[in-house]
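> Below is one structure. I have some questions about it.
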Amino acid sequence: MKKELSAIEAKYEAQKIAFGPMYFQAVIALRDLGILQFISSHRQGVSIDTIVEKLDVSEYGITLLIEAAEIIGVVEIENSLVKISKVGFFLLKDEMTKVNVNFMNDVCYLGAKAMTKSIVNGKPEGLKVLGDWPTIYEGLSILPEPAKTSWFEFDHYYSDNAFPEALKIVFRKKPKMIFDVGGNTGKWSFACCDYDPEVKIKILDLPVQLNVAKANATELGLLERIDFHKIDLLDVDQKIPQGADVIWMSQFLDCFSKEQIVQILQNAWQAASEDTTLYILEPFFDNQNYPAAHYSLVATSLYFTIMANGNSKMYRVEVMKDLVRQAGFEVVETYPLIGDSYHTILECRKNGQ
């Protein structure tokens, strides 16, 4: 709910924005230098002198970072003893927070300065700090570390928790052939193979991504059940093949602009028969139970702008449903916030079916 701020409060909030990058990097330093973990291990509090004595960091550095941490509520100081706060605890222990911090620091931080240029040009101008690709997707398998690890941990965190319930939904009608569109490393396809020993999968993605998925499938001994189809879905001449009982798109359409989403869904429409079901799995930012999820997903849209492709975002659920209708599908069922996840599934069929 909107809160009326006094002028003094509003000015303070403005300074939080102005100095936000500095405080963020102070938290990174506290974590990487082991200071935050050391404080956390002393639940009754620990003196700065003890921290200086036990850690290989100068008194100046420790004092500086703890003063910053106190300002933003990461630690609390009482009777000259430093204690970790609830905020600090989440920074250290909460998986969502750790994944988000690493993603921002390792993937997005250096490129964020190119936000204005990215908006003006409609291109991910910040991506240049990681590599010379038109979008991040061409370079995912060869991103420099630690960006590569942080990217995939971020991506998997926001999808894997949805898989158990999603599998139950998708396999209700016992599909024999599933097209995994934008299959990435193959995690969903492998989960399908584990769930149903009879199902066959075709992963559709860019060549560089298929190389990774195929290597993973080889290691798991799944090459007899998984096929690989190279496709650039932004090329209107490249068509999704026919023959799928299920077309699955997991956290895929948010990688594109609205116009591109309609184009991709129209491609799926031409490939779909009257018996084909299209499933769209997305974390819609306006369909979340907790403000932390809403906040994180809107910030993820900014990543798409500066680092990914310059023109995509996280969408509202009704916006996606409208794009589905524009492409010739109808949403026949909505499964909101399935399982222990942030995701909604849209079950779609060709209009009139």
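The values are calculated or read from the model by the stated rules, or taken from the named source; none is laboratory data. Owing to the predicted nature of the structure, the values given are computational and were not obtained by experimental measurement. All Cβ positions, even for glycine, are placed from backbone atoms using ideal geometry, and neighbour counts span all protein chains on display. Each accessible area value is taken on the protein alone, full model and side chains, heavy atoms only, with ligands, DNA and RNA left out. Shrake-Rupley method; radii C 1.70, N 1.55, O 1.52, S 1.80 Å.
> Using a Debye calculation, one point per C-alpha and no hydration shell, please list log10 I(q)/I(0) for the chain at q = 0.10, 0.12, 0.13 Å⁻¹ in order.
Evaluating at q = 0.10, 0.12, 0.13 Å⁻¹ gives log10 I(q)/I(0) of -0.70, -0.94, -1.06.
> Sticking with this structure for a sec: Just going by the charge dipole of the range 10-97, with Lys and Arg at +1 and Asp and Glu at -1 on Cβ, which of Leu91, Asn79, Ile35 is farthest out on the positive end?
Leu91
> Could you give the distance between the Cα centres of the range 113-166 and the range 237-278, to the whole Å?
22
> Please list, ordered by chain and number, the residues whose modelled amide H lies under 5 Å from the amide H of Ile231; skip anything fewer than 5 residues away on the same chain.
Asp205, Leu206
> For a label point 7 angstrom out from the Cα of Asp275 toward its Cβ, which stretches of the range 238-267 have the backbone nitrogen within less than 12 Å?
243-246
> Let's see if you can work this out: charge +1 on each Lys and Arg Cβ, -1 on each Asp and Glu Cβ, no other charges. What is the dipole magnitude of the chain about its Cα centre, in debye to the nearest 20?
Roughly 520 debye for the chain.
> Taking all protein chains in place and a 1.4 Å probe, what share, in percent, of the accessible surface of the chain do carbon and sulfur account for?
55
> Beyond 16 Å, what share of the Cα-Cα pairs of the range 153-236 is found? Please give it as a whole percent.
Considering the range 153-236, 51 percent of its Cα-Cα pairs are separated by more than 16 Å.
> Moving on to the next point. Taking trypsin sites (Lys or Arg not before Pro) as candidate sites, keep only those in a DSSP loop with at most 16 other Cβ atoms within 10 Å, then name the longest stretch of the chain containing none of them.
No qualifying site falls inside 44-175, the longest such stretch.
> Excluding same-chain residues fewer than 8 positions from Lys83, which lysines have a Cα within less than 19 Å of its Cα?
Hits, sequence-local ones excluded: Lys54, Lys93.
> A further question follows. Just from its helices, what would the mean residue ellipticity at 222 nm be for the chain, if runs of 4 or more DSSP H residues each count -39500 (n - 2.57) and the sum is divided by every residue, rounded to the nearest 500 deg cm²/dmol?
After summing the helix terms and dividing by residue count, I get -13500 deg cm²/dmol.
> If you line up the Cα atoms of the range 248-347 on their principal axes, what length do they span on each, largest first, in Å?
The principal-axis extents, from largest down, are 40, 31, 18 Å.
> Can you pull the semi-axes for the range 109-150, root of five times each eigenvalue of the Cα gyration tensor, sorted largest first, whole Å?
The answer is 19, 11, 6 Å, longest axis first.
> Ok, one more. Provide the gained length on full extension for the span Lys173 to Val208, in nm with one decimal, where the gain is 0.36 nm per separating residue minus the Cα-Cα distance.
So the extension gain works out to 9.4 nm.
> Where a ≥ b ≥ c are the square roots of the eigenvalues of the C-alpha gyration tensor, would you call the range 170-283 rounded, which needs a/c under 1.5, or, failing that, prolate if a/b is larger than b/c, or oblate?
Note, shape of the range 170-283 comes out oblate.
> Moving to a separate point now. Quick check on the range 13-167: take the gyration tensor over C-alpha atoms, sort the square-rooted eigenvalues as a ≥ b ≥ c, and tell me if it's rounded (a/c under 1.5), prolate or oblate.
In terms of gyration-tensor shape, prolate.
> Calculate the spin-label point distance for Ile8 paired with Asn79, positioning each point 7 Å from the Cα along the beta-carbon direction, and give it in nanometres.
Output for this residue pair reads 3.0 nm.
> Could I ask something else about it? What whole number of Å gives the distance from the Cα centroid of the range 35-99 to the Cα centroid of the range 317-353?
Answer, in whole Å: 45.
> Roll a 1.4 Å probe over the protein heavy atoms and report the accessible area of Trp133 in Å², nearest 10.
Using a 1.4 Å probe on the heavy atoms, I get roughly 50 Å².
> Ok, one more. Which of rounded, prolate or oblate describes the range 304-353 when judged by the alpha-carbon gyration tensor and an a/c cut-off of 1.5?
oblate
> Would you be so kind as to identify which of Asn351, Val262, Val107 lies farthest towards the positive end of the dipole of the chain, taking Lys and Arg as +1 and Asp and Glu as -1 on Cβ and the Cα centre as origin?
Toward the positive end, the furthest listed residue is Asn351.
> A further question follows. What's the longest uninterrupted piece of the chain once you rule out the GluC sites (Glu not before Pro) that are loop residues per DSSP with at most 12 other Cβ within 10 Å?
My reading of the result: 5-197 is the longest stretch.
> Next question. Could you sort Thr344, Thr334 by their accessible area in this structure, using a 1.4 Å probe and putting the largest first?
The most accessible residue leads, giving Thr334, Thr344.
> Here's something else I'd like to know. Could you quote the convex hull projected area for the range 1-77, Cα atoms only and averaged over all directions, in nm²?
Quarter of the Cα hull surface area: 6.5 nm².
> Taking +1 at the Cβ of each Lys and Arg and -1 at the Cβ of each Asp and Glu, which of Val120, Ile17, Leu65 sits farthest along the dipole of the chain towards its positive end, judged by Cα position relative to the Cα centre?
Result: Val120.
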